[in-house]
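The values are calculated or read from the model by the stated rules, or taken from the named source; none is laboratory data. All figures in this text were calculated on a predicted structure; none of them were measured in a lab. We place every Cβ from the backbone using ideal geometry, glycine too, and count neighbours over all the protein chains shown. Just the protein is used for accessible areas: all its heavy atoms, side chains included, with ligands, DNA and RNA removed. Shrake-Rupley method; radii C 1.70, N 1.55, O 1.52, S 1.80 Å.
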Amino acid sequence: MRVPLQWLTEYVEPGLDTDALAERLALTGTEVERVERYGVSALEQFVVGRVLERKRHPDADRLSVCMVDTGGSTPSQIVCGAPNVAAGQIVAVAKPGAVMPDGTRLNKARLRGVESNGMILAEDELGLGIDHNETLVLVGDELKPGMPLSEVLTIATDVLVLEITPNRPDCLGIYGVAREVHAATGTPLAPPPWRDDGQDEAASESSGITITVESHRLCPRFTARVFDDVQIGPSPLWLKARLMAAGQRPISNVVDITNYVMLLTGQPLHAFDLDRVAGASLNVRAAREGETVQTLDGQTRRLDSEMVLIADADGATSIAGIMGGARSEVQNDTTRVLMEVANWDGANIHRTSLKLGLRSEASARFEKQLQPEQAMEAQAVATQLMTELCGAHARPGTVDVGGPGPAPATIRLRERRVRGLLGTTITRSRSKQLLEALEFTTAETSDGLDVTVPPFRRGDVLREADLIEEVARLDGVEKLPATLPSRHGAAGRLTYVQRRRRRAVDVLRAQGLEEIVGWSFVGADAAERLRLGGEVQFVELANPMSNDQSRLRTTLLSSLLDVARRNRARGASALRLFEAGAVYLPQPDAGERLPREPYHLAALLTGPIRPATWREGEPPAADFFSAKGILAGLLEALCIPWRAEPAALPFLHPGRAAGVVVEGEHVGWLGEIHPSIAGDWELPGTVAGFEIDLDALPVAPTATYTDLISFPEVHEDLAFVVADSVSAAELLAVLRDAGQPLLRDAEVFDVYRDPEKLGAGRVSLALHLAYRAADRTLTDQEVAAQREEIVAAVSERLRGSLRAA
């Protein structure tokens with residue numbers, strides 16, 4: 001909700017600057033999302049001017065050259081395009097140096113060869129309305145050339161943008177926010193604008209309208225007043241300015257009054273053209289299945305039997321609590337207005353709004369459950385404004401079906417309970433002061449206060465703890481002492497799974513990767529973009545924010561690719577990204593069961609693997625082996641033995657893809673992203689990555705320590721010639737098996753191919769071998785015996801041989 005400060009201060013002067021007020025409201029429970037500046041800047045450059053002379057531009061038929069008195073020693077020459085500008089007018093003028101609402105700074109200019117020293121303003125150029133066709137003409141004997149325009153019009157104000165929680169609909173109006181400021185700061189609060197009504201008596205038969213309500217559960221209260229002799233026209237500037245600052249577009253005086261009253265009181269209302277209400281009667285009823293109504297936005301809405309509408313003698317004319325109908329809207333020829341202010345069931349309005357995909361300022365308020373008493377408050381303010389701004393005459397009385405809500409509840413607030421919940425003492429007198437500032441009424445008791453809840457807080461304050469919350473937040477939550485809860489000897493610690501997740505993230509960060517946080521949602525085309533076809537099932541959202549976020553993700557790859565594309569588009573050439581989070585996998589024949597949510601960890605690399613240096617020049621780009629090295633470092637840090645084996649996945653490059661296997665189970669993938677998919681994400685070059693299911697990893701064995709220094713290792717290098725189809729992993733597995741118990745380590749350090757020397761289809765793999773015994777220094781004879789066993793195993797199992805040279 002947008003709260004213009006110049007409007008708010010009509011009811012309460014906070015005595016704080018805007019930032020301090022925002023902080024105070026935030027500390028007392030009213031969340032301030034941000035503070036905005038609405039309107040113009042450099043106020044000293046906006047003044048009142050008088051047009052002394054108007055001449056036709058010598059080189060443009062639609063432009064005029066005006067001499068304008070702006071209070072200086074000499075008139076200013078201003079070129080103006082408005083057709084209504086004339087000599088003698090009092091106008092709003094922006095001088096060079098003025099800053100317009102869109103941030104543009106006005107300078108001297110030459111328009112078709114004629115110098116212009118400023119601008120004669122229309123209302124939209126000041127943010128006071130939407131009319132750009134005519135110059136804004138000011139009226140008033142007190143207006144003098146050179147007078148600051150800010151003294152005449154509200155051309156700039158700070159705006160508090162509030163995030164109102166669902167339990168506080170009383171703060172969805174300017175006066176409700178003023179009440180909060182009054183309670184939070186202790187500054188005086190002006191009387192409510194609905195205090196003087198003068199229309200309290202019930203409507204007589206002369207009202208000429210009939211109201212019926214078929215469901216009092218869905219419509220607890222429906223009020224109506226009739227106005228005759230209504231004159232439709234534009235609203236005054238002060239009203240337009242407040243609506244614009246609050247985010248509403250001015251339309252006409254009657255429609256603007258309904259919006260203004262809603263913003264002031266928090267209670268929506270709707271104006272019907274009484275001459276367009278068939279039979280001069282309104283009936284509140286449930287819609288018939290498939291019944292349609294054309295709303296004010298020109299759309300025809302199809303309703304169901306659980307929705308509520310307002311109908312006249314010819315049928316549906318409005319969707320209750322959400323939007324009025326086009327058939328009975330106020331138009332330029334309207335002379336009689338039926339002003340409807342009603343109270344609706346919040347849950348029903350919320351359901352209807354979601355089902356129709358139609359959300360309005362009215363529905364946003366009604367769905368939070370307003371109270372019946374607020375209807376007459378809005379009627380009172382609307383009646384004042386209809387009389388003042390439209391020249392209307394209100395017919396005596398009010399049609400009121402349903403009346404006020406239930407009697408207010410009284411709740412005991414005990415001093416002992418306040419102290420017990422808050423851990424500190426707030427005196428009875430202080431509690432009384434704070435609650436009465438919020439319009440609660442109090443009465444002294446032996447152990448505290450009997451507190452009567454005002455109607456506008458009926459849905460929020462239900463028990464003693466709620467009263468204590470009100471007292472605590474206004475007295476200052478920041479004042480409450482910091483205490484630890486009673487522990488009774490308990491010691492908190494992370495679970496093994498939590499520790500492993502943190503460890504995994506720390507390892508990737510230590511390897512230079514940057515963590516991202518992506519959406520849990522993907523688009524309807526997610527499977528197609530990753531070439532998954534129909535193999536993967538998704539959890540579909542019943543009410544998605546958009547088609548691009550209509551499913552729950554089954555892999556982290558999409559969000560990594562999205563972030564990589566965004567960063568590449570902004571000039572980042574080397575990307576090392578990772579993400580940790582849940583994916584959502586539908587269960588077969590799940591019915592109503594929730595999907596599985598395994599916790600995955602994924603990484604994506606593209607571009608140079610390290611920065612260029614003066615010694616090396618351009619380093620190599622990330623590839624399969626870069627991703628494999630990072631994955632190896634990760635799993636080794638987690639003490640998880642693993643291996644990679646060839647795999648064919650549709651989103652990976654053929655021949656550069658592998659499955660990650662732990663204890664015989666596939667727990668993830670590793671490889672280079674298919675070039676066509678990388679191209680779809682506008683990622684040039686090689687893109688490599690991996691993804692593993694952390695929840696599928698076994699519990700790591702307890703770490704043990706090995707003596708590495710008492711007895712030395714024996715090192716030797718061997719080269720084996722094997723078939724090209726034999727992988728390095730297969731060769732290493734044979735060596736480690738045959739090398740027991742003395743072989744401690746084996747590592748490939750060279751790959752060599754030469755058909756003339758080795759033979760066609762043969763490859764040489766050179767390895768570093770390390771032998772060691774735990775209880776003695778090895779002799780050459782022991783190492784030679786172990787070597788012979790290794791060579792024999794390679795020959796027997798892999799048809800390989802020891803390379804001589």
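Does at least one position in the range 84-95 carry a residue that is assigned to a strand (DSSP E or B), of a type in the set (Lys, Arg) and open to solvent by 10 Å² or more (accessible area, probe 1.4 Å)?
No - not one qualifying residue is present in the range 84-95.
Looking for whichever is touching a Lys or Arg at 6+ places or on another chain (Cβ under 9 Å) and surrounded by 14 or more Cβ atoms within 10 Å (Cβ to Cβ) here; the options are 766, 696, 728, 723. Which one fits?
766
Kindly establish whether residue 527 is in contact with a Gly (Cβ under 7 Å, 6 or more places away or on another chain), of a type outside the set (S, T, N, Q) and surrounded by 14 or more Cβ atoms within 10 Å (Cβ to Cβ).
Values: in contact with a Gly (Cβ under 7 Å, 6 or more places away or on another chain): yes; of a type outside the set (S, T, N, Q): yes; surrounded by 14 or more Cβ atoms within 10 Å (Cβ to Cβ): yes.
Yes: the conditions hold for residue 527.
Just give me the residues in the range 331-369 being in a loop (DSSP other than H, G, I, E, B) and either among the polar types (S, T, N, Q) or out of contact with any Gly (no Cβ under 7 Å at 6 or more places or on another chain) (or both), in sequence order. Show your work before the answer.
We begin by selecting, within the range 331-369, every residue in a loop (DSSP other than H, G, I, E, B); these are 331-336, 344-345, 357-360, 367-369.
Matches in the range 331-369: 331, 332, 333, 334, 335, 336, 345, 357, 358, 359, 360, 369.
If residue 631 passes every condition in (1) modelled with pLDDT under 95; (2) within 14 Å of residue 603 (Cβ to Cβ) but one, which one does it miss?
Just one mismatch for residue 631, condition (1).
If you check every pair at least six apart or on different chains, which have Cβ atoms under 8 Å apart with a residue in the range 384-409 that is among the basic types (Lys, Arg) first and a residue that is in a helix (DSSP H, G or I) and open to solvent by 40 Å² or more (accessible area, probe 1.4 Å) second?
395/206
Take the residues in the range 404-441 that are in a strand (DSSP E or B) and open to solvent by 30 Å² or more (accessible area, probe 1.4 Å); name whichever of them is farthest from residue 343 (Cα to Cα). Break it down into steps so the answer makes sense when it comes.
Keep residues of the range 404-441 that are in a strand (DSSP E or B), which gives 410-414, 441.
Restricting the remaining residues to those that are open to solvent by 30 Å² or more (accessible area, probe 1.4 Å) gives 410, 412, 414, 441.
Working: 410: 23, 412: 29, 414: 34, 441: 24 Å.
The selected residue is 414.
Based on what the data block shows, is residue 501 closer than 25 Å to residue 26 by Cβ and touching a residue at least 40 places away in the same chain (Cβ under 8 Å)?
Values: closer than 25 Å to residue 26 by Cβ: no; touching a residue at least 40 places away in the same chain (Cβ under 8 Å): yes.
Here the answer is no, as residue 501 does not meet what is asked.
Which one of 33, 23 is outside any strand (DSSP E or B), within 29 Å of the chain's Cα centre (by Cα) and more than 18 Å from residue 150 (Cα to Cα)? First the steps, then the outcome.
Numbers: 33 fails: outside any strand (DSSP E or B).
When all the criteria are applied, what remains is 23.
Only one of these is within 30 Å of the chain's Cα centre (by Cα) and open to solvent by less than 30 Å² (accessible area, probe 1.4 Å): 682, 672, 691. Name it.
Just one listed residue meets the conditions, 691.
For the structure I just gave you, tell me whether residue 713 is out of contact with any His (no Cβ under 9 Å at 6 or more places or on another chain), surrounded by 14 or more Cβ atoms within 10 Å (Cβ to Cβ) and of a type in the set (Asp, Glu).
When the stated conditions are applied, residue 713 passes them.
In the range 249-308, what count of residues is obtained for those that are of a type in the set (D, E, K, R), touching a residue at least 40 places away in the same chain (Cβ under 8 Å) and assigned to a strand (DSSP E or B)?
Qualifying residue count for the region: 3.
What is the one condition in (1) among the small types (Gly, Ala, Ser); (2) surrounded by 11 or more Cβ atoms within 10 Å (Cβ to Cβ); (3) in contact (Cβ under 8 Å) with a residue 24 or more places away in the chain that residue 703 does not satisfy?
Every condition holds for residue 703 apart from (2).
Just give me the residues in the range 130-139 being open to solvent by 90 Å² or more (accessible area, probe 1.4 Å) and outside any loop (DSSP other than H, G, I, E, B), in sequence order.
Residues satisfying the conditions do not exist here.
Give me a count of the residues in the range 1-39 that are surrounded by 20 or more Cβ atoms within 10 Å (Cβ to Cβ) and in contact with a Gly (Cβ under 7 Å, 6 or more places away or on another chain).
Of the residues in that region, 2 qualify.
Which residue pairs have Cβ atoms under 7 Å apart, sit 6 or more places apart or on different chains, and have a first residue in the range 413-440 that is without any contact (Cβ under 8 Å) to a residue 12 or more places away in the chain and at positive phi and a second that is open to solvent by 70 Å² or more (accessible area, probe 1.4 Å) and of a type outside the set (D, E, K, R)?
Correct list of pairs: empty, since none qualify.
Listed here are the residues, each with its yes/no results for (1) modelled with pLDDT under 95; (2) polar (S, T, N, Q); (3) farther than 22 Å from residue 10 by Cα; (4) open to solvent by 20 Å² or more (accessible area, probe 1.4 Å).
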site	(1), (2), (3), (4)
181	no, no, no, no
199	yes, yes, yes, yes
203	yes, no, yes, yes
210	yes, yes, yes, yes
231	no, yes, yes, yes
241	yes, no, no, no
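With 629, 633, 607, 617 as the choices, which residue is small (Gly, Ala, Ser), surrounded by fewer than 15 Cβ atoms within 10 Å (Cβ to Cβ) and touching a residue at least 40 places away in the same chain (Cβ under 8 Å)?
Matching residue, one of 629, 633, 607, 617: 633.
Which one of these is under 25 Å from residue 501 (Cα atoms) and within 32 Å of the chain's Cα centre (by Cα): 549, 587?
Within the list 549, 587, the selection yields 587.
For the range 460-489, how many residues meet the condition of being in a loop (DSSP other than H, G, I, E, B) and either open to solvent by 60 Å² or more (accessible area, probe 1.4 Å) or under 30 Å from residue 561 (Cβ atoms) (or both)?
Result for the range 460-489: 11.
Only one of (1) open to solvent by 30 Å² or more (accessible area, probe 1.4 Å); (2) more than 30 Å from residue 610 (Cα to Cα) is not met by residue 532, so which one is it?
The single condition residue 532 does not satisfy is (1).
Can you report the number of residues in the range 373-402 which are assigned to a loop (DSSP other than H, G, I, E, B), open to solvent by 10 Å² or more (accessible area, probe 1.4 Å) and in contact with a Lys or Arg (Cβ under 9 Å, 6 or more places away or on another chain)? Before you say what the answer is, go through the steps one by one.
Narrowing the range 373-402 to residues assigned to a loop (DSSP other than H, G, I, E, B): 391-392, 395-397, 402.
Adding the requirement that they be open to solvent by 10 Å² or more (accessible area, probe 1.4 Å) leaves 391, 395-396, 402.
Those still in the list that are in contact with a Lys or Arg (Cβ under 9 Å, 6 or more places away or on another chain) too: 395, 402.
Adding up the residues that qualify gives 2.
Kindly provide the set of residues from the range 278-290 that are open to solvent by 10 Å² or more (accessible area, probe 1.4 Å) and closer than 16 Å to residue 324 by Cβ, ordered by number.
Correct list: 278, 283.
Every residue, every condition in (1) touching a helix residue (DSSP H, G or I) at 6+ places or on another chain (Cβ under 8 Å); (2) surrounded by 14 or more Cβ atoms within 10 Å (Cβ to Cβ); (3) without any contact (Cβ under 8 Å) to a residue 40 or more places away in the chain; (4) at positive phi, yes or no:
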| residue | (1), (2), (3), (4) |
| --- | --- |
| 141 | no, no, yes, no |
| 147 | no, yes, no, no |
| 150 | yes, yes, no, no |
| 155 | yes, yes, no, no |
| 171 | yes, yes, no, no |
| 178 | yes, yes, no, no |
| 184 | yes, yes, no, no |
| 188 | yes, no, no, no |
| 192 | yes, yes, no, no |
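What pairs come up if the first residue lies in the range 553-579 and is farther than 13 Å from residue 603 by Cβ, the second is assigned to a loop (DSSP other than H, G, I, E, B) and among the hydroxyl-bearing types (Ser, Thr, Tyr), and their beta carbons are under 9 Å apart, counting only those six or more places apart or on different chains?
What qualifies is 553/520; 553/584; 554/584.
Checking the structure you have, find out if any residue of the range 730-750 is modelled with pLDDT under 95 and closer than 30 Å to residue 531 by Cβ.
Yes; the residues of the range 730-750 include at least one that is modelled with pLDDT under 95 and closer than 30 Å to residue 531 by Cβ.
Could you grab me the full set of residues in the range 757-786 that are under 20 Å from residue 737 (Cβ atoms), outside any strand (DSSP E or B) and not acidic (Asp, Glu)?
Residues satisfying the conditions are 772, 773, 774, 778, 783, 784, 785, 786.
Being over 19 Å from residue 644 (Cα atoms) and touching a Ser or Thr at 6+ places or on another chain (Cβ under 7 Å) is true for just one of 738, 719, 785. Which residue is that?
Only one candidate qualifies: 719.
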